[in-house]
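The structure appears below as structure tokens.
Please treat every number below as a calculation from the coordinates, not as lab data. All of these numbers come straight from a predicted model, not from anything done at the bench. In this analysis, Cβ positions are derived from the backbone assuming ideal geometry, glycine residues included, and neighbour counts consider all displayed protein chains.
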Amino acid sequence: MRVCFANHSTAPKSLGGAERSLIRLVEDWQGIDSDFEPTFVTKAPRGTFIDALEQRGWQYQAYRFRGWALPSPQPAPAAERATFATADYAAVSAIIRQFEQQRPDLVVTNTLVAPWAAFAAAALGIPQAWFIREYGDLDHGLQFQIGRDATLRDIGLMALEVVTNSQSLRAHLAPFIDPERISVAYPAVEVEQLLAGRAAVPVQVPFPQEDPGLRITMVGRVEESKGQFRVIDALGELARRGVTASVCFVGAWTHPGYDLLLRERARSLGIAGRVTFAGEQRNPAPYIHAADVCVTASTLEAFGRSTAEYMALGRAVVAADNGGSAELVVPGRTGRLFPVDDTAAFADALEHYAMHPEDVLRHGSRGQEELSRTLSTGHDNASAIARLSALVGTEGYRLPEIARYWFDLPATYASLGATSAKAAIGLLVSRVGTRSGLVGRALAAPGVAARRLVRR
């Protein structure tokens, strides 16, 4: 059985949660089925994801493309949109040719961001599934080019199976995709690897203060959506109450200078000496192990891998009461939850552990057991693999025959000066005609256009 997996990111600095989860899924699948053969479609240029594929000897093809969920406000200028669309159309055409040569039995898209392998599969009628591991707009601030609702409906149109990484995300998708086709597979957590790495000596001391008080570690990219500012505000509130606490942030900042803004925020609250930035760490386990309590303060996490890693390493967890972390933490047993934008409630949860050190140990000691129970109740990789394997040999969603001609237009007419996808589609209008300007709207909404072509 040959399965092609489509990934959206080069992972330029380190593997993200989506890439790590995909790699573990493929490794687990290889362990279950000796006839399983994985191939990959991923984004160029080279990054740590391609490094990981080569280390495992997995075949891949890399293409330059954007997506239908972008980090910039929409709509972009027309010329910029046309340039991106030309590259995206070219990627679809190239992936179609790849699939014609490789003939995968199943295509699995591992991203909400880029649908191009799914479009290629639909052009050939190959059955396909999607892993959706993020909200996109609510957690990462992405902008859907055709709107969130239309994007999710298009995924539901093409995918025979959709797999999410939490019940929370499943509920988010259910209004747009048939709930019978949405299942949950919690990402596997490398518990043994984490435990083995916790004794390593950190590059720097996580808590250099002479009297750190309650020691807090937070792992994750240093950016607004991850909520480091919420931790600083909570520490400021604790200081106002006379409670001593210190935090170590582990992770790289994606926006230059954002760490300086956080340091200034800490200075304004009188806690600058209580905040340490450790930067990106290949092995965060020692920093987690050095803490009394670990926190997840993100605006919204689909799963909360860091929360799971905290629990696996036996640390009490204070987390926002939404998203996947709320499914992992058992309040009063393995940690405490707080409303994401309630600084006082966040400080209350931390103060509890400062005042009750016995709960630091008791709640932390139960974490691994509760985590194992949550992740192994029929919502694991083995269950997902069984569902995906059952799709092989079924009839996949198929675009109309004209789609092949449509996707090839930008490259075909580039030499004639029609260098943008918009101009190329104008040529399609003159050749095949359309109703109500359908093809003219395809550049801005390719998935919606494809659906209307089929249904009219």
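Whole-Hz ³J(HN,Hα) for each residue in segment 7-15, computed from phi via Karplus 6.51 cos²θ - 1.76 cosθ + 1.60 with θ = phi - 60°, x for glycine and proline: what do you get?
Each residue's phi maps through the Karplus curve to give 10, 9, 10, 6, 6, x, 9, 7, 5 Hz.
At 7 Å along Cα-to-Cβ for each site, give me the label-to-label distance between Ala272 and Lys13 in nm.
So the two model labels end up 2.4 nm from each other.
So if R0 is 25 Å, what FRET efficiency would Arg240 and Glu210 give, r being the distance between their Cβ atoms, rounded to the nearest 0.05? Working shown, then result.
Numbers: r = 21 Å, r/R0 = 0.84.
The value I calculate is 0.75.
Could you sort 106-114, 326-334, 264-272 so that the peptide with the highest average Cβ count within 10 Å comes first and the rest follow in order? Intermediate values should be presented prior to the final figure.
On the way: 106-114: 26.6, 326-334: 20.1, 264-272: 15.6.
Per-residue Cβ counts within 10 Å, averaged per peptide and sorted highest first, yield 106-114, 326-334, 264-272.
From the helices alone, meaning DSSP H stretches of at least four residues, give me the mean residue ellipticity at 222 nm for the chain, per-run term -39500 (n - 2.57), in deg cm²/dmol to the nearest 500. Don't skip to the end; give the middle numbers.
Numbers: 19 runs with 204 residues, N = 456.
Using -39500 (n - 2.57) per qualifying helix, the result is -13500 deg cm²/dmol.
With +1 on each Lys and Arg Cβ and -1 on each Asp and Glu Cβ, and nothing else charged, work out how big the dipole of the chain is about its Cα centre, in Debye to the nearest 20.
Numbers: 47 positive and 48 negative charges, 298 e Å.
Value, rounded to 20: 1420 debye.
Exposure proxy check: Tyr63, Tyr405 ranked by fewest other beta carbons within 10 Å? It would help to have the intermediate numbers written out before the result.
On the way: Tyr63 20, Tyr405 13.
Listing Tyr63, Tyr405 from fewest to most nearby Cβ atoms yields Tyr405, Tyr63.
Using a/c under 1.5 as the rounded threshold, could you call segment 286-366 rounded, prolate or oblate? The axes a ≥ b ≥ c are square roots of the C-alpha gyration tensor eigenvalues, and prolate needs a/b larger than b/c, oblate otherwise. Can you show the working numbers first?
On the way: a/c = 1.68, a/b = 1.15, b/c = 1.47.
Taking the square roots of the gyration eigenvalues as a ≥ b ≥ c, segment 286-366 is oblate.
With unit charges on the beta carbons (Lys and Arg positive, Asp and Glu negative) and the dipole taken about the Cα centre of segment 98-150, which residue among Ala117, Phe131, Gln101 sits farthest to the positive side?
Final value for the positive-end residue is Gln101.
May I ask which residue of Gly236, Ala285, Trp406 lies farthest towards the positive end of the charge dipole of the chain, with charges of +1 (Lys, Arg) and -1 (Asp, Glu) on Cβ and the Cα centre as origin?
Trp406
Hey, got the dipole for segment 310-419? About the Cα centre, +1 on K and R Cβ, -1 on D and E Cβ, debye to the nearest 20?
Dipole size: approximately 380 debye.
What spacing in nm lies between the two simple spin-label points modelled at His255 and Glu280, each 7 Å away from Cα in the Cβ direction?
According to this spin-label approximation, the distance is 1.9 nm.
Pop the C-beta distance of Glu180 and His356 into the FRET formula with R0 = 41 Å and round what comes out to the nearest 0.05. Each step should come with its number before you reach the end.
On the way: r = 45 Å, r/R0 = 1.10.
Result of the calculation: an efficiency of 0.35.
Given the options Leu361, Thr48, Cys294, identify the residue whose Cα lies farthest towards the positive end of the charge dipole of the chain (+1 on Cβ of Lys, Arg; -1 on Cβ of Asp, Glu).
Thr48
Quick check on segment 191-375: take the gyration tensor over C-alpha atoms, sort the square-rooted eigenvalues as a ≥ b ≥ c, and tell me if it's rounded (a/c under 1.5), prolate or oblate. Each step should come with its number before you reach the end.
Numbers: a/c = 1.35, a/b = 1.21, b/c = 1.11.
It is rounded, given that a/c, with a ≥ b ≥ c, falls under 1.5.
Please get the size of the charge dipole for segment 191-375, origin at its Cα centre, with Cβ charges of +1 on Lys and Arg and -1 on Asp and Glu, quoted in debye to the nearest 20.
Values: 19 positive and 23 negative charges, 54 e Å.
Dipole about the Cα centre, nearest 20: 260 debye.
Which whole-number percentage describes the relative contact order of segment 25-169, with Cα contacts under 8 Å and a sequence gap of 6 or more? Walk me through the numbers before you get to the answer.
On the way: 179 pairs, mean separation 30.0, N = 145.
Dividing the mean separation by the residue count of segment 25-169 yields 21 percent.
Given the Cα-Cα distance of Ala44 and Ala382 and 0.36 nm per residue of separation, how much length would full extension add, in nm? Working shown, then result.
Numbers: separation 338, 0.36 × 338 = 121.68 nm, distance 3.02 nm.
Taking 0.36 nm per residue and subtracting the Cα distance, the gain is 118.7 nm.
For the chain, rounded, prolate or oblate, judged on the Cα gyration tensor with a ≥ b ≥ c (square roots of eigenvalues), a/c < 1.5 rounded, else prolate if a/b > b/c? Before the final figure, lay out the partial values.
Working: a/c = 2.27, a/b = 1.80, b/c = 1.26.
Cα axes put the chain in the prolate bin.
For the chain, what's the relative contact order in percent, using C-alpha pairs closer than 8 Å and at least 6 residues apart? Numbers along the way, then the final one.
Numbers: 868 pairs, mean separation 73.2, N = 456.
Taking the mean separation of contacting Cα pairs over the length of the chain, I get 16 percent.
Could you state the number of Å between the C-alpha centres of segment 235-285 and segment 331-351?
Rounded to whole Å, the Cα centres lie 18 Å apart.
Sticking with the crude label model, points 7 Å out along Cα→Cβ, report the distance from Ser365 to Glu395 in nm, one decimal please.
Distance between label points: 6.0 nm.
Taking the Cα centre of each part, how many Å lie between segment 112-171 and segment 1-64?
18
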